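In what follows, a structure is listed as structure tokens, so that the remarks can point back to it.
The values are calculated or read from the model by the stated rules, or taken from the named source; none is laboratory data. These figures come from a predicted structure and were not determined experimentally. For neighbour counting, all protein chains shown are included, and Cβ atoms are generated from backbone atoms with ideal geometry for every residue, glycine included.
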């Protein structure tokens with residue numbers, strides 16, 4: 001396990017987030033150091049994606065303290081934006097544009113040179129289909145492009161919501177050096193595969209109905225208990 | 001900020017060019033409305049206040065179609081999250097969306113105004129055309145600013161198709177009044193310069209107010 005740095009990359013204390021009257025997250029607290037991976041586990045509706053979106057600055061925390069890469073959310077969200085790589089349920093790619101056009105668009109938003117686009121297209125093995133409209137690509141190909149989009153600006157923090165869903169073993173192998181443990185970046189990883197997710201993680205956070213039930217070293221038996 | 005706005009605008013135009021969702025629908029709608037007025041009013045030719053009213057109301061209703069679609073790609077394809085994750089000035093998103101709507105309106109008018117001249121307008125269209133172009137451009141700036149604002153507001157709601165006209169049309173009443181009042185003399189041949197100046201000033205003031213208001217509040221609209 002990587003050593004926890006003095007200033008954590010993510011520092012969450014008593015986080016609450018509601019949708020209307022319903023609490024999607026309540027009393028969530030954890031710290032994550034540089035280079036560490038936090039596995040987020042829990043059944044559907046537990047609040048995993050909501051937590052990821054709060055950390056990505058896409059949702060405002062309603063109570064509690066959240067610091068991401070030193071920026072206190074939501075007041076200093078602008079400091080964290082552009083330093084986070086986010087792979088969510090949606091690929092954040094326009095269906096009518098080609099994969100390359102999408103990546104060039106995002107590269108311009110992040111002020112990244114176009115050479116980086118071609119480098120990542122090659123890295124995710126999409127050279128042959130990069131100029132096809134995204135709507136014509138398979139789910140796995142879209143997922144690979146989504147990972148490339150998240151990495152364009154070389155972010156120190158990756159927020160990954162089931163990044164391997166829809167990928168065949170060859171594609172998983174291709175993405176592993178980029179978004180897997182070997183990439184060396186700080187990661188928050190949502191996974192429904194308990195064994196694989198636990199093996200990828202230094203720390204595990206278990207949620208059920210928005211409440212934090214587990215936090216510590218990944219224990220597959222305890223994690224499986226969340227789903228019962 | 002301008003560079004970012006241009007990047008987003010170019011992407012929007014690229015998508016519109018491929019999907020052809022907004023401009024063709026607006027143009028077809030306008031021509032259909034002119035045909036309906038032609039038969040509904042049982043008149044071959046219109047002039048004066050009636051001609052001005054028909055033209056401006058048709059253009060404003062066609063604007064509703066584009067406003068309904070302006071942010072849909074961002075919401076349906078998750079593009080808005082991509083924009084929100086980027087380290088950009090969010091005013092650039094407003095400038096791009098308003099810019100796209102402005103261009104759609106100009107393209108619409110390139111079809112709708114000649115069609116209006118052919119199908120309904122009694123007096124010659126060519127003589128008042130320079131003044132009409134000035135009025136249309138001024139109105140388009142206001143329509144684009146208000147339209148982008150309303151579109152961003154409505155896209156989060158479930159009943160977007162209802163919310164857009166309910167919010168947008170009342171806000172566009174000043175454009176309809178100023179546009180129609182300024183155009184009426186052009187279509188009846190008794191144009192008085194000082195009257196025209198008053199309505200041009202009103203359109204200019206409307207543009208300025210809504211551009212400033214939109215820029216001031218747009219950032220908050222993009223927050224969850």
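Inside segment A:88-100, residues that are facing chain B (nearest Cβ under 7 Å) and either assigned to a helix (DSSP H, G or I) or without any contact (Cβ under 8 Å) to a residue 40 or more places away in the chain (or both) make up a count of 3. Here residue B:113 clears all of (1) within 14 Å of chain A (Cβ to nearest Cβ); (2) surrounded by 17 or more Cβ atoms within 10 Å (Cβ to Cβ) except the condition numbered (1). Inside segment B:21-35, residues that are closer than 19 Å to residue B:117 by Cα and in contact (Cβ under 8 Å) with a residue 40 or more places away in the chain make up a count of 6.
Only a single criterion out of (1) at pLDDT 95 or above; (2) surrounded by fewer than 24 Cβ atoms within 10 Å (Cβ to Cβ); (3) more than 30 Å from residue A:157 (Cα to Cα) is not satisfied by residue B:104, namely (2).
Annotation: of all residues in segment B:77-93 being more than 15 Å from residue B:219 (Cβ to Cβ) and in contact with a helix residue (DSSP H, G or I) (Cβ under 7 Å, 6 or more places away or on another chain), the one that is farthest from the other protein chains (Cβ to nearest Cβ) is B:79.
Hey, could you check segment A:35-49 for residues that are within 15 Å of the chain's Cα centre (by Cα) and outside any helix (DSSP H, G or I) and say which is surrounded by the fewest Cβ atoms within 10 Å (Cβ to Cβ)? By that ranking, first place goes to A:35. Without any contact (Cβ under 8 Å) to a residue 24 or more places away in the chain, facing chain B (nearest Cβ under 8 Å) and either under 16 Å from residue A:155 (Cα atoms) or assigned to a loop (DSSP other than H, G, I, E, B) (or both): is that true of residue A:108 in this structure? So residue A:108 passes the test.
So, residue B:120, is that one at pLDDT below 95, within 9 Å of chain A (Cβ to nearest Cβ) and farther than 20 Å from residue B:17 by Cβ or not? It is false that residue B:120 is at pLDDT below 95, within 9 Å of chain A (Cβ to nearest Cβ) and farther than 20 Å from residue B:17 by Cβ.
Tallying residues that are touching a helix residue (DSSP H, G or I) at 6+ places or on another chain (Cβ under 6 Å) and not in a loop (DSSP other than H, G, I, E, B) within segment A:62-76 yields 2. Within the set B:96, B:144, B:62, B:139, the sole residue that is assigned to a helix (DSSP H, G or I), modelled with pLDDT of 95 or more and within 14 Å of another protein chain (Cβ to nearest Cβ) turns out to be B:96.
Could you count how many residues in segment B:152-188 are in a loop (DSSP other than H, G, I, E, B), at pLDDT 95 or above and either in contact with a strand residue (DSSP E or B) (Cβ under 7 Å, 6 or more places away or on another chain) or surrounded by fewer than 22 Cβ atoms within 10 Å (Cβ to Cβ) (or both)? Walk me through how you get there before you give the answer.
Taking segment B:152-188 first, the residues in a loop (DSSP other than H, G, I, E, B) are B:155-159, B:172, B:184-188.
Checking which are at pLDDT 95 or above leaves us with B:172.
Filter once more, so that each one left must be either in contact with a strand residue (DSSP E or B) (Cβ under 7 Å, 6 or more places away or on another chain) or surrounded by fewer than 22 Cβ atoms within 10 Å (Cβ to Cβ) (or both): none.
Total satisfying the criteria: 0.
For segment A:117-139, enumerate the residues that are surrounded by fewer than 18 Cβ atoms within 10 Å (Cβ to Cβ) and under 23 Å from residue B:12 (Cα atoms). Answer for segment A:117-139, where residues must be surrounded by fewer than 18 Cβ atoms within 10 Å (Cβ to Cβ) and under 23 Å from residue B:12 (Cα atoms): A:118, A:131, A:132, A:133, A:135, A:136. For segment B:39-46, indicate whether the set of residues that are more than 14 Å from residue A:101 (Cβ to Cβ), touching a strand residue (DSSP E or B) at 6+ places or on another chain (Cβ under 9 Å) and either touching a residue at least 60 places away in the same chain (Cβ under 8 Å) or within 10 Å of chain A (Cβ to nearest Cβ) (or both) is non-empty. Within segment B:39-46, one or more residues are more than 14 Å from residue A:101 (Cβ to Cβ), touching a strand residue (DSSP E or B) at 6+ places or on another chain (Cβ under 9 Å) and either touching a residue at least 60 places away in the same chain (Cβ under 8 Å) or within 10 Å of chain A (Cβ to nearest Cβ) (or both). Report yes if residue A:85 is within 10 Å of another protein chain (Cβ to nearest Cβ), surrounded by 19 or more Cβ atoms within 10 Å (Cβ to Cβ) and under 22 Å from the mean Cα position of the chain (by Cα), otherwise no. Answer is yes for this residue. Given the structure, is residue A:91 in contact with a helix residue (DSSP H, G or I) (Cβ under 8 Å, 6 or more places away or on another chain) and modelled with pLDDT of 90 or more? Spelling it out, residue A:91 is indeed in contact with a helix residue (DSSP H, G or I) (Cβ under 8 Å, 6 or more places away or on another chain) and modelled with pLDDT of 90 or more.
No other residue among A:52, A:59 is in a loop (DSSP other than H, G, I, E, B), under 17 Å from the mean Cα position of the chain (by Cα) and within 14 Å of another protein chain (Cβ to nearest Cβ) apart from A:59.
Test of understanding: among B:88, B:80, which residue is surrounded by 20 or more Cβ atoms within 10 Å (Cβ to Cβ), over 16 Å from the mean Cα position of the chain (by Cα) and modelled with pLDDT under 90?
Residue meeting the stated conditions: B:80.
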